[in-house]
1. Quote the charge dipole size of the chain about the Cα centre in Debye, to the nearest 20; the model charges only the Cβ of Lys and Arg (+1) and of Asp and Glu (-1).
2. Give the Rg/Rh ratio for region 117-210, taking Rg as the radius of gyration of the Cα atoms and Rh as the Kirkwood radius, to two decimals.
3. Charges on Cβ only, +1 for Lys and Arg, -1 for Asp and Glu, centred on the Cα centroid of region 2-208; of Leu172, Ala118, Val83, which one is farthest towards the dipole's positive end?
4. Per 5 Å bin, what is the whole-percent P(r) computed from every C-alpha pair distance within region 1-70?
5. For helix 71-92, report the angle its Cα long axis makes with the longest principal axis of the Cα atoms of the chain; keep it between 0 and 90° and round to the nearest 10°.
6. Helix 162-179: angle to the longest alpha-carbon principal axis of the chain, degrees 0 to 90, nearest 10?
7. Compute the angle between helix 94-115 and the longest alpha-carbon principal axis of the chain, please, reported from 0 to 90 degrees and rounded to the nearest 10.
8. Say R0 is 22 Å: what FRET efficiency, to the nearest 0.05, do Val22 and Lys42 get from their beta-carbon distance?
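Coordinate-derived values only; no laboratory data. In this text the structure is predicted, and so the values were computed from the model without any measurement. FYI the Cβ positions are ideal-geometry reconstructions off the backbone, even for glycines, and counts take in every protein chain you see.
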Amino acid sequence: MIPLHDINPARRPALVVRSLVVLNVAAFLLELLLGPTQVVAKMGFVPALFFQDPLGEGYRILTSMFLHGGLFHLLSNMWFLWVFGDNVEDRMGGERFLLFYLLGGVAAALAQALFMPASTVPMIGASGAVSAVLGAYYVLFPRAYVITLVWFVLPFTLALPAGFYLGYWAFLQLVQGLLGVPGIAFWAHLGGFVFGVAAVRAFLPRRWRW
């Protein structure tokens with residue numbers, strides 16, 4: 001299932017979301033220019049290295065958030081950020097949203113490291129931080145509808161409640177993480193999502209808290 005857009009438009013331009021998309025695209029182009037293998041080796045997050053030298057290797061947590069393994073990896077992350085991020089930024093405000101996004105990425109990377117502490121494979125991508133945004137959306141807009149493209153023999157669209165869509169998405173991350181499906185940092189996705197659900201209220205202006 002792929003979200004096409006949400007039926008809950010933000011009231012103000014999502015300047016931070018747009019800036020993050022531009023920054024991720026620029027980082028991807030720079031990555032291609034400098035050589036993806038070299039850039040990922042120097043700036044991807046490696047759990048085993050982090051636990052050996054947290055202070056010396058900690059910078060990789062932040063740099064890895066802006067690297068991607070290919071065009072589809074980049075586009076899928078930016079699309080989820082674009083669809084769900086504007087409303088969350090609208091509720092939080094730009095500065096709070098940016099801090100929330102970055103801390104969500106940190107929480108996601110640490111979650112992956114805790115579940116796979118001996119891994120020497122560099123972890124890259126914005127998906128952990130974006131997952132935190134999805135967790136925030138799950139709390140803030142569970143009854144908003146998401147137009148979703150579904151494949152079942154032939155593609156068709158459905159309007160699904162965000163609470164159902166995102167809950168199902170989180171469940172899939174858990175199942176695939178438990179099954180040990182290789183190639184994707186499912187624990188980072190789930191860690192980011194849990195951070196988003198747990199922390200979203202702390203980042204809201206007082207008028208939106210409950």
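1. That gives a dipole near 640 debye.
2. 1.04
3. Val83
4. Result, from short to long distances: 3, 15, 18, 16, 15, 14, 9, 7, 3, 0 percent.
5. 50 degrees
6. Once rounded, the angle reads 30 degrees.
7. Once rounded, one gets 50 degrees.
8. Numbers: r = 23 Å, r/R0 = 1.03.
Between Val22 and Lys42 the formula returns 0.45.
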